[in-house]
Amino acid sequence: MPYAVSFQQVSRHFGTVRAVDAVDLEIEAGEFFAMLGPSGSGKTTCLRLIAGFEQPTSGHIEIFGETAEGVPPYRRNVNTVFQDYALFPHLNVADNVAYGLMIRGAGKAERTREAEAALEMVKLPGYGARKPGQLSGGQRQRVALARALVNKPKVLLLDEPLGALDLKLREQMQEELKVLQKALGITFVFVTHDQGEALSMADRIAVFNEGRIMQTGTPEEIYRRPRTRFVADFVGSSNVLSPQLTERLAGVAEWSSLRPEDIRLGDESGQDATVTGTSFLGSATRVTLDVSGEKINVLLPSGAPVPSQGESVRFSWDKNALHLMGAGA
Amino acid sequence: MRSDKQNRTPMGLKIAAGIGLAFLHLPILLIFLYAFTTEDKSYQFPPPGLTLKWFAVTWNRPDVWEALSLSVRVASISTVVALVLGTLCAAAISQTKFFGREAISLLVILPIALPGIITGISLRSAFNLAEIPFSFWTIVLGHATFCVVVVYNNAVARFRRVSGSLIEASMDLGADGFQTFRHVILPNIGTALLAGGMLAFALSFDEVIVTTFTAGQQATLPIWMLEELVRPRQRPVTNVVAMVVVLVTFLPILAAYYLTRDGDQISGQGK
C-alpha cells in the first residue's frame, strides 16, 4: 500500500524566502494527519503543494504512488476545504456542492441526488436552495466540506477550516470531522496553528517551524516527548529547561522539557523556588516559579492551595516527567 | 413634529433644482421640437407649424443610413475589441502581481483623462508615420482607445471582489482554466462587462473629436450631423437623427446603470 502523500526533500522557495525547506513527509492512507505550526512556518504551503496550487522548487511529491509534479490541481484526486470557504457567491448551496459533479459532466438527477446526500452528511439537509450569503459561518463551513467530499477525493485537505468559528462551534465541528473521517476512511490532511485542535483530532501530527518539520509523531509522542525546544514550547507550552538547570535538577547537562501539569508543589524533599506570579485559568491555576533565574510554569488543579506571590515553595516531579532532548536541541 | 418640518425641502431649493434641470434638459427638448417644424431653413421660435414629414424624408435619405450604419459598425467593433482587451487587462492587473503593475493600470486609464483632441492628433500622426491609410479600421482603433478604459474600469472593480480562492476552488473541483472562466469568472463579472460594453458603445456612437482626426472620407453619424448643420437645407432631418442618437445612447446607459446596481447586490451577498 503506497503512502497517501509522500514528500521527498521537497522545497518551495519564493525568491529568497524558503517557505518549505527540504521536507520529508509520509502520510498513511486513511490517516487523520495534522500539520501544526505558527503562521509562516510552511504548513499551508505544504498543503498547497499537495493540492497543486504550488509546484515544488525541488524535490519529489507522490500522491498514492503517482508523481504529482506538473499535474494541475484539476487533475488531482484531491479536494480542499479553504480557509475562507471560497463558496461561489452566484450559485446556490446545491449548485455549489454539485460543482465538481457538473464539471465532470454528471446529469441533473445525479447532481441533485448526490448534493442532497452530501448536505445530509454535513447535517444541512434541505439547504440546497439557499445562497451562501444567507448562511452563517458554521453553515458555510459545512457546505464547503460537502462540496469537497461529494467528489469522493482520495485525500481531503483542510486549511484552518475551523479558524473563523467561535469556540463552542469549533469544538462541535472537531468532533464531527473526526467522526466523518473515521466513517469515510478518506485521508484527511489538516492544517492548524491550534495545538489543542491538532492534539485532539489527529492520528499523527507534523510540527512545522521555519519551513521545516521539527517532529512527526502521534499526539501522545509530540506532547510527552518533544524532540526540540521549539516543539516543547509550541505544543502545550511545556517548560524548557536549560542544560545548566537540568544538570542541577537531574544531573545531566542537556536541554529538557517538563510539563506544567506534572509538577507538584509543597513536597518537602523537593527543590527550592520563589513564586513570581499566579493566574486563574478556570479549570486550573497557573503558578510561575523562579528557579535560579529560570522561569517554570506549574499548573495546579482547581481546589489545590495556591501560594501567594513572593512566597518560597518547594517543588517536585515524577521521575519520568522530565524529558531530555539532547545537548543541541 | 419638528423633525418633519426640518425634513421638508425649502421652496427655494426646489425652485433652484427645477431651474438646474431645465437648464440641462430644455435644449434637448428644443431639438426634439424642431424635428417637427414646418420651417426647414432656419430655427425660428416658435415653429410656424408642426409636421411629421421629416421622419419620412429622413427615412429616404441614403446618406443618413450610410452614416448610421457606419456608426453602428464602428461602435460594435470598438466595443468588442474593448471587451476583450479590457477584460484581459483587468484580469492581469487584479489577479496577478508583477513589476510595473501600478504604472500599467495608470497608463490604461490615461486615454480617457487626456483631452480627445490630444488622442486624436497623436493617433493621426501615428497613422501618418506608419503610413496607414485612413479607413473604417482607423476609426475603430481611435474609438477603442477610450472604450477599453470604460470596460477595464468596470471589470477591474468586479474582479477585485472575485477572490483568488474562488478560482482555486474551481480548479480544485476539477475545472480547467476555460471551465473556470465560463462557470465562475464570467457569472461574477458578467453584468460589469455588459455595463462596460454598453457604456463603451454609447461613447463610441456619439464621439466626434477623435473621429475627425482618424476618419478619412467616411462620416459617422455625429460627423454627418455636424456637416449637415452648415447646409441650410432640410435642417429638421438633423433633428430627427438627433432624436434617434439620444435614444440609441440613452437606453444602453440606462440599462448599464440598472445592471451594475443589481450586480452589486449579487456579488455583495458572498461576503
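Looking only at residues in region B:171-183 that are at the interface with chain A (Cβ under 7 Å from one of its Cβ atoms) and part of a helix (DSSP H, G or I), the one that is surrounded by the fewest Cβ atoms within 10 Å (Cβ to Cβ) is B:Gln179.
Only a single criterion out of (1) away from every other protein chain (no Cβ under 14 Å); (2) of a type in the set (A, V, I, L, M, F, W, C); (3) without any contact (Cβ under 8 Å) to a residue 60 or more places away in the chain is not satisfied by B:Val148, namely (3).
Tally time: how many residues in region A:282-329 are assigned to a loop (DSSP other than H, G, I, E, B) and either basic (Lys, Arg) or under 25 Å from the mean Cα position of the chain (by Cα) (or both)?
Total meeting the criteria: 4.
Among the residues making up region A:101-125, those that are surrounded by 14 or more Cβ atoms within 10 Å (Cβ to Cβ) and not in a helix (DSSP H, G or I) are A:Ala106, A:Val122, A:Leu124. Scan region A:67-88 and give yes if some residue there is under 23 Å from A:Thr216 (Cα atoms), surrounded by fewer than 22 Cβ atoms within 10 Å (Cβ to Cβ), in the same structural domain as A:Leu184 (by TED's automatic domain parsing) and of a type in the set (Gly, Ala, Ser), otherwise no. No, that holds for no residue.
For region A:16-63, the set of residues classified as assigned to a loop (DSSP other than H, G, I, E, B) and within 10 Å of A:Ala206 (Cβ to Cβ) consists of A:Gly37 only.
Listed here are the residues, each with its yes/no results for (1) surrounded by fewer than 19 Cβ atoms within 10 Å (Cβ to Cβ); (2) part of a loop (DSSP other than H, G, I, E, B); (3) modelled with pLDDT of 85 or more; (4) over 27 Å from the mean Cα position of the chain (by Cα).
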{"residue": "A:Gln215", "(1), (2), (3), (4)": "no, no, yes, no"}
{"residue": "A:Ile222", "(1), (2), (3), (4)": "no, no, yes, no"}
{"residue": "A:Ser237", "(1), (2), (3), (4)": "yes, yes, no, no"}
{"residue": "A:Ser257", "(1), (2), (3), (4)": "no, no, yes, no"}
{"residue": "A:Glu268", "(1), (2), (3), (4)": "yes, yes, no, yes"}
{"residue": "A:Val275", "(1), (2), (3), (4)": "no, no, yes, yes"}
{"residue": "A:Thr278", "(1), (2), (3), (4)": "yes, no, yes, yes"}
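Give the residues of region A:280-298 that are closer than 18 Å to A:Ala250 by Cα and either surrounded by fewer than 18 Cβ atoms within 10 Å (Cβ to Cβ) or charged (D, E, K, R) (or both), sorted by residue number. Correct list: A:Asp290, A:Val291, A:Ser292, A:Gly293, A:Glu294, A:Lys295.
Go through the residues of region B:201-208 one by one and say whether even a single one is within 13 Å of another protein chain (Cβ to nearest Cβ), in a helix (DSSP H, G or I) and buried (at least 23 other Cβ atoms within 10 Å of the Cβ). No; the residues of region B:201-208 include none that is within 13 Å of another protein chain (Cβ to nearest Cβ), in a helix (DSSP H, G or I) and buried (at least 23 other Cβ atoms within 10 Å of the Cβ).
The residue that is modelled with the lowest pLDDT, counting only those in region B:256-271 that are surrounded by 15 or more Cβ atoms within 10 Å (Cβ to Cβ) and more than 14 Å from every other protein chain (Cβ to nearest Cβ), is B:Thr260.
The values are calculated or read from the model by the stated rules, or taken from the named source; none is laboratory data. Note that the structure is a prediction, hence the values are computed from the model and not measured. Note that we place each Cβ from the backbone using ideal geometry, even for glycine, and neighbour counts take in every protein chain shown.
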